[in-house]
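Undergrad: I have a structure I would like to understand better, so I am pasting it below and will then ask my questions one at a time.
The values are calculated or read from the model by the stated rules, or taken from the named source; none is laboratory data. Since we're looking at a predicted model, the values are computed, not measured. Quick reminder, even Gly has a Cβ in these numbers, built from the backbone with ideal geometry, and neighbours come from all protein chains shown. We work out accessible area using only protein heavy atoms, side chains counted, and drop any ligands, DNA or RNA first. Shrake-Rupley method; radii C 1.70, N 1.55, O 1.52, S 1.80 Å.
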Amino acid sequence: MKCFLSILRLRRKSLEGRTQLLLVLMMIAVGSASLKADELSVMTAEEITAEAEYMLHKQLYVILTEVVPGRENEIMGALGEKHMEFQVGLEKNGILFAAGPLMNQDEKTYGGGGLIIIRAENLAQANDIAASDPLHAAGVRTYSIQPWLMNEGGFSISVSFSDMKYTLD
């Protein structure tokens, strides 16, 4: 399985490299090959960018926020309103990429945590932004930040002029 990393490092423009990668991934999926932790290496941001040179490479920051146990009821009051005003302000200033609550596994109830994706110059600035959220500043929620290099994905917008409706997928 040592060949796995060298296959991963092949340029994606190479059809042969893509074919080899797909074969290895299929072997792993059906259980005819395994990948051991000591066979993995950490790729740098530059290596990831080089491997996917044709992709977007948009650096963003993901803030995972969790409610402090026992403080769940404080989210919906005045602090919750201040949090929403803060989020809208980030959106209006072009900082907020996306945000929303994380639902519980039943997909119907909310546990108090959320996911916030922001634009920032660096991790220190992302931390300053997150710390300024009223729910974080008041200690109602804790947070962690993960730098995220967005490469794949997309969305669709459909606008109907006749009834002034739109859909976002």
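Undergrad: Can we say Ala126 is touching a residue at least 40 places away in the same chain (Cβ under 8 Å), small (Gly, Ala, Ser) and under 30 Å from Glu51 (Cβ atoms)? Reasoning before the result, please.
TA: Values: touching a residue at least 40 places away in the same chain (Cβ under 8 Å): yes; small (Gly, Ala, Ser): yes; under 30 Å from Glu51 (Cβ atoms): yes.
Judged against the criteria, Ala126 is a match.
Undergrad: I would also like to ask the following. Using the structure shown, decide if Tyr61 is among the aromatic types (Phe, Trp, Tyr), at pLDDT 60 or above, surrounded by fewer than 12 Cβ atoms within 10 Å (Cβ to Cβ) and not in a helix (DSSP H, G or I).
TA: Numbers: among the aromatic types (Phe, Trp, Tyr): yes; at pLDDT 60 or above: yes; surrounded by fewer than 12 Cβ atoms within 10 Å (Cβ to Cβ): no; not in a helix (DSSP H, G or I): yes.
Criteria not met by Tyr61.
Undergrad: Does any residue in the stretch 96-120 that is among the basic types (Lys, Arg) come within less than 8 Å, Cβ to Cβ, of a residue that is loosely packed, with under 12 Cβ neighbours inside 10 Å six or more places away or on a different chain, and which pairs are these?
TA: Between residues of the stretch 96-120 that are among the basic types (Lys, Arg) and residues that are loosely packed, with under 12 Cβ neighbours inside 10 Å, the close pairs are Arg119/Gly94.
Undergrad: Oh, and also: Suppose we filter the stretch 100-128 for residues that are small (Gly, Ala, Ser) and at pLDDT 95 or above; how many remain?
TA: The number of residues fulfilling the criteria is 3.
Undergrad: Does at least one position in the stretch 17-39 carry a residue that is open to solvent by 40 Å² or more (accessible area, probe 1.4 Å), modelled with pLDDT of 70 or more and not in a strand (DSSP E or B)? Full working, then the answer.
TA: Keep residues of the stretch 17-39 that are open to solvent by 40 Å² or more (accessible area, probe 1.4 Å), which gives 18-20, 22-23, 25-32, 34-38.
Still in the list and also modelled with pLDDT of 70 or more: none.
Checked against the condition, which is being open to solvent by 40 Å² or more (accessible area, probe 1.4 Å), modelled with pLDDT of 70 or more and not in a strand (DSSP E or B), the stretch 17-39 yields no hits at all.
Undergrad: May I pose another question? Sort out for me the helices (runs of 4 or more DSSP H) sitting completely within the stretch 72-148 that have 3 or more residues that are farther than 17 Å from Leu60 by Cβ and either of a type in the set (D, E, K, R) or open to solvent by 70 Å² or more (accessible area, probe 1.4 Å) (or both).
TA: On the way: elements: 78-92, 123-132, 134-137.
So the answer is 78-92.
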